[in-house]
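Step one of this worksheet: look at the structure below.
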Amino acid sequence: MTIETRKLDNGLLLIVAENPPVNAINAAIRQGLVGAIEQANGSDDVVAIVLSCKGRTFFAGADIKEFGNARKEGPTLHEVCQKIAHSTKPVVAALHGTVLGGGLEIALACHGRVAVEGTTCGLPESQLGLIPGAGGTNRLARLIGPKKALEFVVSGKQIGAARAEKLGVLDEVVAQNEVAAAISCALRMAQRGRFKSWSDDFPADFVVSTFEDFARKLTQKMANQDAPAACVRSVQRAMTMPFEEAIAADREEFARLSAGNQSLALRHAFFAERAAAKPKGFDIPGPVKSISKVTVIGAGTMGTGIAMSFTAGGIPATLIDTTQEALDRGLDRVRNLLATSARRGSISEEQAEQRLALLQWSRDIEQASDADLVIEAVYEDLAIKQDIITRLDALCDQSALIATNTSAIDIDLIAKDVRNRDRFVGLHFFAPANVMRLVEVVLGKETSAETIAASLWIAKKIGKVPVLSGNCDGFIGNRMVAKRGAQVDRLLLEGALPQDVDESLKCFGFPMGPLAINDMSGLDVGYAIRKRRGTPFPIADAVVEHGRLGQKTGAGYYRYEDGNRTPLPDPEIENLIASVSNAHGITRRTFSPDEMVARMIYPLVNEGARILEEGIALRASDIDAVWLNGYGFPRWRGGPMFHADSVGLSDLTKTLRDLARLTGDNSLTPAPLLNRLVADEMTFTDLDKENAEK
Ligand code: 3H9
């Protein structure tokens, strides 16, 4: 961790900071920057300053690990920014890589910003439940106007250099050598003897009511979250208060948010996803096998989604299916999805074309022979999967990875006739696979460390969140979701209606309720699984037996009008549910939303604890990463295990015990691990820490 200064003959002081891997701004960096600016200001030989970073990026933000640390060392980031802004010599930032959070705040405090093409900028603090805490909102709003600034800070999204230049965030974008360009820019400013310290400007033409309308629309879907509303207040202050006062209020707000549960949960999510991709005990020496060509067997919804994920990551993919009809349907689906993304502006027309160009298709499985990774994504049928995987084993190069995308079948059974099982692995993508970030990397008995490392690497390369899972029925996520499904059915049986159940989880923060999701996926699939397992769900089974299979038949737990996917409450289903309750001799009652949430979430945690005890998941935070990226668990609650810690494991365990007694359902009896943690006054977070230190 260093701050180097180099004085050039032309009077320029070049500051070069280095703190690998992403140049996070910690106490030492802040201290070093203040020292370097003071040194430059105190030296008659220095006329201008350029601030740059070594390595892969300019500062990617404040060091998140320092947040919540009571002991504050050295100058604050705000003091660093002020020191730069009030420098008597012009300071120009030379930018590359990902200029994020506090990194962009530093750049905004400089008198000029020059970036090399390929640089991206963002203020992602809201994604960590925060607002920019060192004047970022204030400077940005004064620079690009309140509405654009608000969109920027609320979304927390990164934008490319060209767009940032157009918005006015950057002054200049160069094809190469941003440091040289920044030096020229700084020397020009020094020569002119004038450089703008715009942070002292105070905008006069701001209309509060127009801004408030705009802000309300922008944040209406984020009502549960603290940060978006705080971003709105911050931009409003930037437009209505003197700079110093506005910043002082921001800093107070930042301190309050960073101590709050939502930011804690979001920071947990950030580190959980990164830890999951680097499982302890599976580090392997040497380079990871490179994967540059992928083949997906099965052009159904899952297979096409998986192939699209690879082409989106720049990796050529071939889709294979047995009939031309299946391939045509799959390709139409890909084309439609890409066209929709381009129309909505989430990707450009050019990107859509590039992705399509990376996709090939064939009816001949022999085409898989030169792939580095082949993923089987056909219908959930053991015999079909066994046949395909065995053929692939004979066909593919011995160094190729062979994967199954099964969502529940024992992967060792699928691979029973495979000769070389160390290169066999489960790669369980989640629907829609082109959107959802989760990939469960499922270990077979003989999966090698090299195969695991390559699987984690490729998943990360295409922007997914890989999580290691042991081989069991449903792996981590679906095994847990089955426990929630059982409780949903009980709630309906005992008195709740589908819309009550779904609404309670939507208020908790899920984007959709479980019953609307079931209607979307089709109710016959779960029905077939329950029949196979011999685990009847009285209500769910009755719904299917009445021919209501979900959206595809226009009726499931809800009714659907022609061509419309909006779930509508249906008196017919209410009668059906009431009659099943009646047949079971149950007197229906009402439930509070909190009671419904507890009955659906606590069993997840209980099963999560069993999954941990059995070693199916390596950490509680891995389970959280699964739920955040595959099941829409509200990120600002951190995932089920983190949420359990926030509720308190003692209360949660007591509720589970009561529920087990009330329902006679033994699966609700608290897992031994939960009882042990309560007895030891520990949380899941403590357990993860304890295990990491072993
Ligand atoms: C902020 O700035 C608040 C201000 O307003 C200040 C107010 C006072 N801190 O993601 P990767 C680690 S809030 C500490 O795998 P990539 C990360 O944990 C901050 N550590 O690489 C990982 O460690 P490990 C605003 C950080 O290439 C390693 O670096 N900034 C930080 O896929 C590599 O990370 C952000 O929110 C950090 N800020 O992606 C940016 N960032 O190897 C957050 C990363 O031990 N970061 N690490 O697992 C990112 O978005 C991505 O890491 C980035 C690189 C795009 C930079």
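Bear in mind that the values in this text are calculations on the coordinates, not laboratory data. Worth saying up front: this structure is predicted, and the values here are computed from it rather than measured. Note that each Cβ is placed from the backbone with ideal geometry, even for glycine, and that neighbours are counted across all protein chains shown.
Observations on the structure shown:
- Shown for K157, K289: other C-beta atoms within 10 Å of each C-beta, ranked fewest to most, produce the order K157, K289.
- Between E380 and R194, the contour length at 0.36 nm per residue exceeds the Cα-Cα span by 60.0 nm.
- Most positive-pole-ward Cα, T655, L130, F642, against dipole of the chain from beta carbon charges: L130
- Assigned charges on the beta-carbon of Lys, Arg, Asp, Glu; the chain dipole about Cα centre (debye): 700
- Packing around the peptides 251-259, 270-278, taken as the average count of other Cβ atoms within 10 Å per residue, puts them in this order, highest first: 270-278, 251-259.
- For the range 179-268, the pair-distance distribution built from all alpha carbon pairs, in bins 10 Å wide starting at 0, is 14, 30, 27, 21, 9, 0 percent.
- Here the convex hull built on the C-alpha positions of the range 343-445 has a volume of 121 cubic angstrom per residue.
- Peptides 205-213, 498-506 ordered by average Cβ neighbours within 10 Å, highest first: 498-506, 205-213
- Cα lying deepest toward the dipole's positive end in the chain, options N518, A400, L187, charges on Cβ: L187
- Top positive-direction residue, dipole computed over the range 2-258 with Cβ charges, set A255, I25, L95: L95
- For the pair K54 and E325, the difference between a 0.36 nm per residue extended length and the Cα-Cα distance amounts to 92.3 nm.
- Only beta bridges with both residues in the range 2-258 are counted; by DSSP, about 30 percent of them are antiparallel.
- Net dipole in debye of the range 294-476 [+1 Lys, Arg Cβ; -1 Asp, Glu Cβ; about Cα centre; nearest 20]: 620
- Separation in nanometres of the label points that stand 7 Å from Cα toward Cβ, at N26 and S579: 6.7
- The C-alpha atoms of the chain define a longest principal axis, and helix 620-630 lies at about 80 degrees to it.
- Calculated from backbone phi, Karplus (6.51, -1.76, 1.60) coupling profile of the range 73-88 in Hz, x at Gly/Pro: 10, x, x, 7, 5, 4, 5, 4, 4, 5, 4, 5, 4, 9, 4, 7
- In a DSSP loop and with at most 16 other Cβ atoms within 10 Å, the GluC sites (Glu not before Pro) in the range 63-105 are E73.
- Fewest neighbouring Cβ atoms within 10 Å first, the residues T323, T683, T98 line up as T323, T683, T98.
- Stokes-Einstein D in µm²/s, Kirkwood radius over Cα pairs - the range 2-258 at 20 °C with 1.002 mPa s viscosity: 118
- Across the range 97-168, Cα-Cα distances exceeding 15 Å account for 47% of all pairs.
- Square roots of five times the Cα gyration tensor eigenvalues for the range 294-476, Å: 26, 18, 14
- Mean Cβ neighbour count within 10 Å, used as a protection proxy, ranking 540-551, 381-392 highest first: 540-551, 381-392
- Distance between the C-alpha centres of the range 626-694 and the range 217-284: 25 Å, rounded to the whole angstrom.
- Here S292 and R343 are evaluated by their C-beta separation; at R0 = 45 Å the FRET efficiency comes out at 0.90.
- Pairs beyond 18 Å (Cα-Cα), from K461/K689; K147/K196; K280/K689; K278/K464; K289/K460; K65/K689: K461/K689; K147/K196
- Estimated distance in nm for a label pair at T663 and Q176, the labels positioned 7 Å out from Cα along Cα-to-Cβ: 6.4
- Radius of gyration, Dmax [the chain; alpha carbons; angstrom]: 27.8, 92
- The range 287-392: Rg to Rh, with Rh as the Kirkwood radius over Cα pairs: 0.99
- Burial ordering of S346, S581, fewest other beta-carbon atoms within 10 Å first: S346, S581
- Measuring nothing but how far apart in sequence close Cα pairs (under 8 Å, 6+ apart) lie, relative to its length, the range 2-258 scores a relative contact order of 19 percent.
- Values of log10 I(q)/I(0), in the order q = 0.15, 0.19, 0.24, 0.25 Å⁻¹, for the range 1-76 under a Debye, Cα-only, solvent-free model: -0.54, -0.79, -1.07, -1.12
- Cα gyration tensor of the range 39-99 - equivalent ellipsoid semi-axes, whole Å, descending: 24, 18, 9
- Put the Cα centre of the range 534-567 next to the Cα centre of the range 13-57 and the gap is 62 Å.
- Reported to the nearest whole Å, the Cα centre-to-centre distance from the range 390-433 to the range 150-189 is 46.
- Helix 146-155 and the longest principal axis of the C-alpha atoms of the chain enclose an angle of approximately 50°.
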